[in-house]
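Novice: Before I ask anything, here is the structure I am working with.
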Protein chains: 2
Amino acid sequence: MIEPDERTKIYSTLDTRFEDFVTILSDYLRVPTISAHGAKFQEGAEATKKVLEAIGADVRLVPEEGGPPVVIGEVEEDPTLPWVILYNHYDVQPVDPLDEWRSDPFDPVIRDGKLYARGAADTKGNTVAQALAVQAIRDVAGRLPVNVRFFVDGEEESGSPHLLPFAEDHPDLFRGLGATIEAAAHTREGKPSLSLGSKGILSVELEVRTSAVDQHSSLATVIPNAAWRLIAALRSLRSERGRILIDGFLDGVPPPDPGMLRYLRRNTADPIAYKEDYGAREIYGGKTRYARIKQATYGTTCTIDGIWSGYTGAGHKTVNPAVAHAKLDFRLLPGQRPDAIFDLLVAHLRTKGFSDVKVEKHSVFEPAASAISERLPQAILAATREVYGTEPNVFPWSYGSSTTWYFTRMGTPAPHPPGVGYQGSRAHAPNEQIRLDDARRAMKVAAGMLMALEHS
Amino acid sequence: MIEPDERTKIYSTLDTRFEDFVTILSDYLRVPTISAHGAKFQEGAEATKKVLEAIGADVRLVPEEGGPPVVIGEVEEDPTLPWVILYNHYDVQPVDPLDEWRSDPFDPVIRDGKLYARGAADTKGNTVAQALAVQAIRDVAGRLPVNVRFFVDGEEESGSPHLLPFAEDHPDLFRGLGATIEAAAHTREGKPSLSLGSKGILSVELEVRTSAVDQHSSLATVIPNAAWRLIAALRSLRSERGRILIDGFLDGVPPPDPGMLRYLRRNTADPIAYKEDYGAREIYGGKTRYARIKQATYGTTCTIDGIWSGYTGAGHKTVNPAVAHAKLDFRLLPGQRPDAIFDLLVAHLRTKGFSDVKVEKHSVFEPAASAISERLPQAILAATREVYGTEPNVFPWSYGSSTTWYFTRMGTPAPHPPGVGYQGSRAHAPNEQIRLDDARRAMKVAAGMLMALEHS
């Protein structure tokens with residue numbers, strides 16, 4: 001039993017040790033673990049091990065067939081206690097365009113109460129915050145109220161392509177009372193968020209070839225143009241207003257849960273903020289905050305991530321291109337399966353007369369969400385109330401995708417708790433940043449969550 | 001008066017000197033005068049001067065404001081004789097994709113009776129063939145039956161953007177009994193062609209921006225995607241079957257001339273050959289040769305020369321792109337004016353709700369055609385009969401665009417005579433080539449044409 005005065009002391013200890021957070025995190029961020037580059041993995045895994053061993057975890061690097069090692073750091077207080085898993089990753093997004101960074105992405109600096117570096121928000125900051133929370137509880141109360149397993153992935157930013165076979169080899173690592181998956185961002189105003197899962201994603205590449213080689217564009221009267229052909233195929237997939245036209249696309253998606261809609265009504269986040277964040281010309285969804293957040297939450301997408309064909313250099317070349325490409329991603333809701341959507345996509349193209357359009361699957365993340373009534377989400381709500389004096393913004397799932405499903409498929413509820421980042425963290429863009437005030441409170445929420453699980 | 005035995009000797013001299021053609025042309029082709037790169041112009045002009053001075057022409061490099069010099073090489077036999085203008089250009093198309101070339105584009109090689117190099121067909125080969133024809137007539141008969149002006153442009157492949165002010169400064173250079181404009185290609189079977197003009201072209205670049213910076217694609221539910229927006233605008237311009245949907249687009253285009261349709265019926269060229277030439281999957285126009293050649297001749301186009309947006313590198317990046325671009329060209333018929341079409345395009349986008357799509361004019365060539373009854377086309381017909389023993393394939397205009405209009409606007413008929421290239425020359429593609437047998441006969445047609453103009 002953690003006593004009330006111990007609780008208070010745990011929180012004040014975290015305040016006192018906040019300098020440690022900055023120091024430990026800065027060292028960790030200096031290891032440039034860019035996922036797409038396939039390098040620095042061993043160094044990244046060792047740096048993660050160091051962070052976790054410093055708080056007394058029993059750390060091992062578990063090899064992953066074809067991928068970087070998974071870092072497992074366990075604090076087992078008592079074999080009879082339930083396990084809580086804290087999932088993060090040590091790899092980070094690429095840094096290009098580098099010239100848009102105000103400072104070196106791998107040399108963390110603090111400006112105006114914010115710490116800037118690649119990986120600060122996504123998600124090394126969360127690993128360090130949770131590690132210090134665990135340490136503070138043990139230092140003050142002598143023991144944790146649950147067993148804790150840090151699970152630190154090495155290629156989340158590449159879509160964790162080897163995690164499924166890993167999960168089949170090591171099912172017990174994914175089982176527990178619950179798993180926190182990375183973290184959810186604060187609003188600009190500093191309100192924390194709790195997401196109960198995440199959308200899924202299917203990413204694909206389309207290629208269409210209308211001839212063996214490009215021609216002079218004067219022959220376009222009689223020879224098909226690959227770019228026009230690709231555009232015709234793309235237009236068959238999605239209406240002007242964004243509705244996806246693939247038969248059966250939404251099959252299996254239940255109507256929004258009334259309880260969750262009530263949470264969304266109370267939620268203060270507003271996609272209208274993207275107008276300022278990204279200079280967006282327009283925000284879809286409607287005139288009210290509620291309409292916009294419903295659209296962001298329950299909307300599915302077919303996004304053109306990239307398209308290219310023909311001559312794209314300076315000046316002009318009059319060419320009728322032989323080949324055209326597009327990279328697409330589909331954001332999916334619980335009830336949809338990426339592999340099934342891929343099959344529907346292929347069938348759609350064939351049915352609509354586009355069997356000449358080749359489709360290659362790039363990556364998938366399954367959508368997944370947990371019930372808010374589970375112990376872990378309830379512990380997060382309690383901790384947020386205690387630390388912030390308020391409810392968090394609750395989302396049925398995050399807009400992006402994550403490894404949530406690898407845990408929920410094993411029966412482990414896997415929400416995103418409040419973390420160190422905020423809506424302006426630019427997690428996948430130049431000048432990634434966290435606000436130190438957010439980080440300070442995220443550490444306390446992590447501690448509060450573990451304490452709220454006492455007697456689970 | 002050129003005597004019959006002199007005619008015979010002129011033709012046999014050209015046969016004897018064919019090795020000179022290969023040597024002189026190869027030296028000329030080694031100068032990499034890529035138009036889009038804006039370099040090597042002076043070197044290209046000097047190389048052209050050398051070719052023309054070698055046959056006794058009086059050569060000057062006439063500066064063109066803002067552009068490369070125009071090379072004028074004159075052989076004035078008698079001030080009372082009419083002038084015939086032989087228009088070509090010393091600039092060439094870019095060479096990318098370089099890895100599809102079987103040999104260095106600027107190191108000419110002969111394989112299987114074909115000479116391969118960038119510019120061999122388009123159009124250095126024609127300049128050299130015509131120069132040697134002029135030289136042979138003078139060497140055998142002592143004099144030319146007309147005055148001849150070589151007019152060698154330096155930026156035709158960039159759309160000759162400075163030629164209109166140049167024409168206004170030097171109107172006399174564009175006046176004559178007629179002007180040959182580059183050349184028309186042989187069929188694969190070796191039948192020569194005569195085109196009485198050329199289509200026009202308007203090339204433009206479209207840009208649409210939906211936000212200031214790219215976003216993570218999970219926000220595509222609520223933030224517009226620039227690539228989808230561009231595609232919507234493009235689809236408003238052209239039907240699936242290729243019809244252009246801009247109001248008033250075909251205004252001013254007369255119905256096909258019955259006399260020309262008769263020529264097209266006799267014409268042996270068949271666009272179906274592009275299936276083999278370019279590996280085209282399909283040829284538009286219809287089931288008969290006549291239907292296909294009518295489509296190629298009287299068809300207008302809106303071609304996507306290039307399109308690009310978002311992430312186009314290796315792997316996948318889940319990004320909702322802020323900006324998208326397309327390069328387009330419109331092939332136009334006599335009766336259409338490129339500048340008017342540009343205005344219609346801008347008005348169309350505004351009317352259809354795409355005023356956010358910016359349009360930049362890249363280049364224009366006016367469409368133009370001459371009457372077959374003029375002296376120069378008739379001389380070409382006579383020479384073709386003499387050299388080939390047959391009529392050429394006659395076209396009202398070439399499928400591509402050219403500088404024809406700069407001459408016809410001064411009252412100078414300006415057809416494309418049979419030249420060194422053929423339907424498989426790949427003028428704007430890798431492995432540009434000419435067949436040596438075609439070149440040998442093109443030289444003779446050039447000589448025969450000049451001889452047929454005696455007493456003009």
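Novice: Going by the structure shown, is residue B:339 over 25 Å from residue B:232 (Cβ atoms), surrounded by fewer than 23 Cβ atoms within 10 Å (Cβ to Cβ) and of a type outside the set (S, T, N, Q)?
Specialist: yes
Novice: Can you name the residue in segment B:410-431 that is closer than 18 Å to residue B:271 by Cα and among the hydroxyl-bearing types (Ser, Thr, Tyr) and is also modelled with the lowest pLDDT among such residues?
Specialist: B:425
Novice: Output the strands (runs of 3 or more DSSP E) that fall wholly within segment B:76-130 and possess 3 or more residues being at pLDDT 95 or above and under 21 Å from residue B:181 (Cα atoms), or say none. Write out each step before concluding.
Specialist: Working: elements: B:83-89, B:109-111, B:114-116.
Output list reads B:83-89.
Novice: Considering only segment B:19-30, how many residues are closer than 26 Å to residue B:97 by Cα and surrounded by 19 or more Cβ atoms within 10 Å (Cβ to Cβ)?
Specialist: 3
Novice: Still on this model: Quick test for you: out of B:91, B:122, B:107, pick the one residue that is charged (D, E, K, R) and surrounded by fewer than 18 Cβ atoms within 10 Å (Cβ to Cβ).
Specialist: Within the list B:91, B:122, B:107, the selection yields B:107.
Novice: Follow-up question, since we're still on this one. Please verify whether segment A:354-374 includes one or more residues that are hydroxyl-bearing (Ser, Thr, Tyr), touching a strand residue (DSSP E or B) at 6+ places or on another chain (Cβ under 6 Å), within 14 Å of chain B (Cβ to nearest Cβ) and within 30 Å of residue B:279 (Cβ to Cβ).
Specialist: no
Novice: Okay, moving on. Within segment A:350-401, can you find the residues that are touching a Lys or Arg at 6+ places or on another chain (Cβ under 7 Å) and among the hydrophobic types (A, V, I, L, M, F, W, C)?
Specialist: Scanning segment A:350-401 gives A:387, A:397.
Novice: Consider residue B:144 carefully, then state whether it is of a type in the set (A, V, I, L, M), at negative phi and either in a helix (DSSP H, G or I) or not assigned by TED's automatic domain parsing to the domain that holds residue B:28 (or both).
Specialist: Criteria not met by residue B:144.
Conditions tested, residue by residue: (1) crowded, with 18+ Cβ neighbours inside 10 Å; (2) closer than 19 Å to residue A:222 by Cα; (3) at the interface with chain A (Cβ under 10 Å from one of its Cβ atoms).
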site	(1), (2), (3)
B:288	no, yes, no
B:308	yes, no, yes
B:319	yes, no, yes
B:349	yes, no, no
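Novice: May I pose another question? Can you confirm whether segment A:243-264 contains a residue that is within 25 Å of residue A:392 (Cβ to Cβ), out of contact with any His (no Cβ under 7 Å at 6 or more places or on another chain), at pLDDT 95 or above and of a type in the set (Phe, Trp, Tyr)?
Specialist: Yes, segment A:243-264 contains at least one residue that is within 25 Å of residue A:392 (Cβ to Cβ), out of contact with any His (no Cβ under 7 Å at 6 or more places or on another chain), at pLDDT 95 or above and of a type in the set (Phe, Trp, Tyr).
Novice: Would you mind finding the one in A:182, A:155, A:205 that is within 9 Å of chain B (Cβ to nearest Cβ), touching a residue at least 12 places away in the same chain (Cβ under 8 Å) and charged (D, E, K, R)?
Specialist: Criteria check complete, one pass: A:205.
Novice: Going by what's in this entry, would residue A:62 be described as at pLDDT below 95, surrounded by fewer than 21 Cβ atoms within 10 Å (Cβ to Cβ) and β-branched (Val, Ile, Thr)? Working first, answer last.
Specialist: Details: at pLDDT below 95: no; surrounded by fewer than 21 Cβ atoms within 10 Å (Cβ to Cβ): yes; β-branched (Val, Ile, Thr): yes.
No: the conditions fail for residue A:62.
Novice: With more than 21 Å from residue B:52 (Cα to Cα) and not hydrophobic (A, V, I, L, M, F, W, C) as the only criterion, which of B:153, B:169 stands out?
Specialist: On the way: B:153 fails: more than 21 Å from residue B:52 (Cα to Cα).
Just a single option satisfies the conditions, and that option is B:169.
Novice: All but one of (1) under 16 Å from residue B:144 (Cβ atoms); (2) part of a loop (DSSP other than H, G, I, E, B); (3) in contact with a Phe, Trp or Tyr (Cβ under 7 Å, 6 or more places away or on another chain) hold for residue B:454, so report the exception by its number.
Specialist: With (1) under 16 Å from residue B:144 (Cβ atoms); (2) part of a loop (DSSP other than H, G, I, E, B); (3) in contact with a Phe, Trp or Tyr (Cβ under 7 Å, 6 or more places away or on another chain) applied to residue B:454, the lone miss is (3).
Novice: Please count how many residues of segment A:208-229 are more than 7 Å from every other protein chain (Cβ to nearest Cβ) and buried (at least 21 other Cβ atoms within 10 Å of the Cβ).
Specialist: Residues flagged as more than 7 Å from every other protein chain (Cβ to nearest Cβ) and buried (at least 21 other Cβ atoms within 10 Å of the Cβ) within segment A:208-229 amount to 3.
Novice: Within segment B:249-268, is even one residue closer than 23 Å to residue A:309 by Cβ and not assigned by TED's automatic domain parsing to the domain that holds residue B:441?
Specialist: Initial filter on segment B:249-268 (closer than 23 Å to residue A:309 by Cβ): none.
No, every residue in segment B:249-268 fails to be closer than 23 Å to residue A:309 by Cβ and not assigned by TED's automatic domain parsing to the domain that holds residue B:441.
Novice: Would you please name the residue that is surrounded by the fewest Cβ atoms within 10 Å (Cβ to Cβ), looking only at residues in segment A:269-286 that are more than 9 Å from chain B (Cβ to nearest Cβ) and assigned to a loop (DSSP other than H, G, I, E, B)?
Specialist: A:286
Here is a yes/no grid of residues against (1) of a type in the set (A, V, I, L, M, F, W, C); (2) without any contact (Cβ under 8 Å) to a residue 24 or more places away in the chain; (3) surrounded by 14 or more Cβ atoms within 10 Å (Cβ to Cβ):
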residue: A:75; (1), (2), (3): yes, no, yes
residue: A:86; (1), (2), (3): yes, no, yes
residue: A:98; (1), (2), (3): yes, no, no
residue: A:102; (1), (2), (3): no, no, no
residue: A:111; (1), (2), (3): no, yes, no
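Novice: Quick one: would you say residue B:380 is surrounded by 16 or more Cβ atoms within 10 Å (Cβ to Cβ) and either in contact with a helix residue (DSSP H, G or I) (Cβ under 6 Å, 6 or more places away or on another chain) or not hydrophobic (A, V, I, L, M, F, W, C) (or both)?
Specialist: yes
Novice: Continuing with this model, one more query. Could you please let me know if residue A:409 is under 26 Å from residue A:272 (Cβ atoms), in contact with a strand residue (DSSP E or B) (Cβ under 8 Å, 6 or more places away or on another chain) and either surrounded by fewer than 24 Cβ atoms within 10 Å (Cβ to Cβ) or in the same structural domain as residue A:332 (by TED's automatic domain parsing) (or both)?
Specialist: Answer is no for this residue.
Novice: Whether any residue in segment A:426-444 is part of a loop (DSSP other than H, G, I, E, B), within 14 Å of another protein chain (Cβ to nearest Cβ), at positive phi and under 13 Å from the mean Cα position of the chain (by Cα) is what I want to check.
Specialist: Yes, that holds for at least one residue.
Novice: Which residue out of A:388, A:399 is in contact (Cβ under 8 Å) with a residue 40 or more places away in the chain, in the same structural domain as residue A:418 (by TED's automatic domain parsing), surrounded by fewer than 21 Cβ atoms within 10 Å (Cβ to Cβ) and among the aromatic types (Phe, Trp, Tyr)?
Specialist: Answer to the selection: A:388.
Novice: So if I check each of B:262, B:337, B:281, which one is within 23 Å of the chain's Cα centre (by Cα) and of a type outside the set (Ser, Thr, Tyr)?
Specialist: Selected residue: B:337, the only one of B:262, B:337, B:281 that is within 23 Å of the chain's Cα centre (by Cα) and of a type outside the set (Ser, Thr, Tyr).
Novice: Consider only pairs whose beta carbons are under 6 Å apart and that are at least six residues apart or on different chains; among these, list those whose first residue lies in segment A:230-253 and is at the interface with another protein chain (Cβ under 10 Å from one of its Cβ atoms) and whose second residue is part of a loop (DSSP other than H, G, I, E, B) and at pLDDT below 95.
Specialist: A:232/B:240
Novice: Do we have any residue at all in segment B:291-298 that's assigned to a strand (DSSP E or B) and either more than 7 Å from every other protein chain (Cβ to nearest Cβ) or touching a residue at least 60 places away in the same chain (Cβ under 8 Å) (or both)?
Specialist: Looking for residues that are assigned to a strand (DSSP E or B) and either more than 7 Å from every other protein chain (Cβ to nearest Cβ) or touching a residue at least 60 places away in the same chain (Cβ under 8 Å) (or both), one finds none in segment B:291-298, hence no.
Novice: With the condition being of a type in the set (Val, Ile, Thr), I'd like the strands (runs of 3 or more DSSP E) fully within segment A:308-422 carrying at least 3 qualifying residues.
Specialist: Here the list reads A:357-365.
Novice: Right, here's the next one. Can you name the residue in segment B:1-45 that is touching a residue at least 12 places away in the same chain (Cβ under 8 Å), assigned to a helix (DSSP H, G or I) and of a type in the set (D, E, K, R) and is also nearest to residue B:124 (Cα to Cα) among such residues?
Specialist: B:27
The values are calculated or read from the model by the stated rules, or taken from the named source; none is laboratory data. Every value quoted in this text rests on a predicted model; they were computed, and no experiment measured them. Quick reminder, even Gly has a Cβ in these numbers, built from the backbone with ideal geometry, and neighbours come from all protein chains shown.
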